[in-house]
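A quick write-up on the structure given underneath.
The values are calculated or read from the model by the stated rules, or taken from the named source; none is laboratory data. Keep in mind that this is a model prediction, so the values were computed, not measured. As a convention, Cβ positions derive from the backbone with ideal geometry for all residues, glycine included, and neighbour counts pool all protein chains shown. The accessibility values were calculated without ligands, DNA or RNA, using every heavy atom of the protein model including side chains. Shrake-Rupley method; radii C 1.70, N 1.55, O 1.52, S 1.80 Å.
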Amino acid sequence: MSDPRLAELSRRLPALRLLATAAELEHYGRDWTRRWTPAPLAIALPAGAEEVQAIVRWANELRVAIVPSGGRTGLSGGAVAANGELVLSLQRMNRLLDFNAVDRTLTVQPGMVLQHVHDAAREHGLLYPVDFAARGSCSIGGNIATNAGGIRVIRYGNTREWIAGLKVVAGNGELLDLNRGLIKNSSGYDFRQLLIGSEGTLGIVVEATLKLTNPPPPSQVMLLALPDMDALMQVFALFRARLVLQAFEFFTDHALRHVLAHGAQRAIDGDYPYYVVCEFDAADERQQEAALSAFERALEQGWVSDGVIAQSEAQAAALWRLREGITESLAPRRPYKNDVSVRVSAVPAFLHEMQALLAREYPQAEVVWFGHIGDGNLHINVLRPDGLAEDAFIAQCEHVTTLLAATLQRHGGSISAEHGIGLVKRAYLESTRSAAEIALMRGVRQVFDPNGILNPGKLFAAD
Ligand code: MLT
Ligand code: ZN
């Protein structure tokens, strides 16, 4: 390592693993946005909290920016290192540290892949319920950094509901033990919750204690084809009143086309503009009958045009693939993504305005929407038309996002429901947070990270 700052780091931590080949810099310097050219200084792969702490102290002394890095499946540029930052990858800190049967908690290192968290909980007959399509690649530390949501929020809430304790190296180099797994702790500010969703701008999670719950009762998965947008919320209201929902997800015919082209199997013949995949408790005959009767009622009302209930686990997985495969099927096109939310009660009015806006502003681009409609969370993916240069496309999308942000503001919504602000959305933060709030957020950052070394330029422009 010829860079004197890295030489100093190696002198302080001779056992620290550092990577710096061109391929490694590229691999660790980007996330799933693929918009920025990675240009990190190097990659550090600490083996434990002590090394993380020493790196943060080194970074403060030498004023080196750090990008904390998990599975880099983020979609907002939160883990991008394009300005000579040190990427601090938590990949090697991926161990299960403890299972406590009385507390019903798992204590894990931050680099543990979400799927491995699920498996560990299942081995003890319990459930860690936060779940989404990137489960095989994303890390629990990254989930915490963005307060990740996903497909079961309607039943279980976001990541923040499931964190009993965090150990964190703050930007100032202090190791903090936050909440220590307590259920009750009314002793002042809850920094644990402040850290969750802070996108690596306040501290680096080095250990997390996760709450577990009972496994869900047996469930059924249903795919519904809907004739129009208004039917979406009508079916949702009906199903939520009559069934115990575990998930209620929607996608459009555009999304279906991409996912089918990517290898998924068609489950309903015919063309319909909207689809819903829902999963609900079906522990006994009464619940199964309730589902059928809700479906029949939706058919009678004309809110549903067709539907299918999975008869096996394999069929359930195939129906889920129609929804969960969308992001992967679109990825080669590098879509411009909006990830917005409004209160569930505001969804119908917002959807109408949003649809008119998108149709008007994107006369040529294909716009694919899908998302967690039961949480009021929509994912809008805009595909670059052939022949339009990348820069011109991004400029157009940013203009439309400004209009979308104003629409969201009118409807009391958020410019980032679950992906985080990162680099992609920092220009629109004011549409969701007041100037007074942003000033306080900056003040908090100053307290935790006085030299601004943690993920500068993410969430808000560099201090
Ligand atoms: C999803 O809901 O599938 C994820 O948030 C990913 C995405 O929006 O592309
Ligand atoms: Zn999502």
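Any idea what angle helix 49-62 forms with the longest principal axis of the chain, computed on alpha-carbon atoms, 0 to 90 degrees, nearest 10?
70
Keeping all protein chains in place and using 1.4 angstrom, which order do H27, H124 fall into by accessible surface area, from largest down? Intermediate values should be presented prior to the final figure.
On the way: H27 105, H124 80 Å².
Correct descending sequence by accessible area is H27, H124.
Count charges around P332 for me, please; just the other residues with Cβ under 15 Å from its Cβ, Lys/Arg as +1, Asp/Glu as -1.
Details: positive: R34, R35, R257, R333, R334, K337, R384; negative: E328, E366, D386, E390.
Summing Lys/Arg as +1 and Asp/Glu as -1 gives +3.
Which one, V108, A22, I43, projects farthest toward the positive side of the charge dipole computed for segment 19-117 from Cβ point charges (K/R +1, D/E -1)?
So the residue we want is A22.
Write down the Kirkwood hydrodynamic radius of segment 4-92, to one decimal in angstroms, obtained as one divided by the mean of 1/r over all alpha carbon pairs. List each step's numbers first, then the result.
On the way: mean 1/r = 0.0776 Å⁻¹.
So the Kirkwood estimate lands at 12.9 Å.
Dipole magnitude of the chain about its Cα centre, charges +1 at Lys/Arg Cβ and -1 at Asp/Glu Cβ only, in debye to the nearest 20? Could the numbers behind the result be given before it?
Values: 44 positive and 51 negative charges, 218 e Å.
Approximately 1040 debye in magnitude.
Express in whole angstrom the spacing between the alpha-carbon centres of segment 308-329 and segment 198-273.
Between the Cα centre of segment 308-329 and that of segment 198-273, the gap is 10 Å.
Over the heavy atoms of R92, what accessible area does a 1.4 Å probe trace out, to the nearest 10 Å²?
We get 80 Å² for R92.
Quick one: length gained pulling I438 to D391 fully straight, 0.36 nm per residue minus the C-alpha distance? Each step should come with its number before you reach the end.
On the way: separation 47, 0.36 × 47 = 16.92 nm, distance 2.89 nm.
That pair, I438 and D391, stretches by 14.0 nm at full extension.
How many Å³ per residue does the convex hull of the Cα positions in segment 126-284 occupy?
Working: hull volume 26.2 nm³, N = 159.
Looking at segment 126-284, the number lands at 165 Å³ per residue.
At a threshold of 8 angstrom on Cα-Cα distance, excluding pairs fewer than six apart, so keeping six or more, what relative contact order does segment 4-92 reach in percent?
Normalised by residue count, the contact order of segment 4-92 is 36 percent.
Compute for segment 251-397: radius of gyration divided by Kirkwood radius, i.e. Rg/Rh, restricted to C-alpha atoms, rounded to two decimals. Before the final figure, lay out the partial values.
Numbers: Rg = 17.2 Å, Rh = 17.1 Å.
Result: Rg/Rh = 1.00.
Mind checking the alpha-carbon convex hull of segment 347-409 and giving the volume per residue in Å³?
Working: hull volume 4.8 nm³, N = 63.
Normalising the Cα hull of segment 347-409 by residue number yields 75 Å³.
Excluding residues fewer than 8 places away in the same chain, name every one of the lysines whose C-alpha is closer than 18 Å to that of K458.
Qualifying lysines at Cα under 18 Å: K337, K425.
Hey, what did the chain get for relative contact order, percent, Cα under 8 Å, at least 6 apart?
Values: 936 pairs, mean separation 72.4, N = 463.
Contact order relative to length: 16 percent.
With unit charges on the beta carbons (Lys and Arg positive, Asp and Glu negative) and the dipole taken about the Cα centre of the chain, which residue among S414, P4, C397 sits farthest to the positive side?
The listed residue farthest towards the positive side: P4.
Find the centroid of the Cα atoms in segment 1-36 and in segment 130-163, then give the distance between the two in whole Å.
Cα centres, segment 1-36 to segment 130-163: 28 Å.
Among the lysines, select those whose C-alpha is under 23 Å from the C-alpha of K211, and discard any that sit fewer than 8 residues away in the same chain.
Cross-link targets: K167, K184.
What nm value, rounded to one decimal, do you get for the distance between Q355 and Q193 when each label is placed 7 Å out toward the C-beta?
Spacing of the two 7 Å Cα→Cβ label points: 3.7 nm.
Suppose a student asked you for the relative contact order of segment 334-432, using Cα pairs under 8 Å spaced at least 6 residues apart; what percent would you report? Show your work: numbers first, answer last.
Values: 133 pairs, mean separation 37.1, N = 99.
Reported as a whole number, the value is 37 percent.
Averaged over every viewing direction, what's the projected area of the C-alpha convex hull for segment 219-327? Give it in nm², one decimal, please. Don't skip to the answer; put the middle values down first.
Values: hull surface 24.9 nm².
So the mean shadow area of the Cα hull is 6.2 nm².
Over all Cα pairs of segment 96-211, how is the pair count split among 10 Å bins, expressed in % and running from 0 up to the last occupied bin?
Going out from 0 Å in 10 Å bins, segment 96-211 shows 15, 50, 31, 4 percent.
Testing the spin-label approximation: label points 7 Å from Cα along Cα→Cβ at D284 and E8. State their distance in nm.
If labels sit at D284 and E8, their model points lie 6.9 nm apart.
Checking a compactness column here: for the chain, what do you get for Rg(Cα) / (2.2 N^0.38 Å), N being the number of residues?
The chain yields a ratio of 1.00.
How far is it, in nm, from the label point at N83 to the one at V102 when both lie 7 Å from their Cα along the line to the Cβ?
4.9
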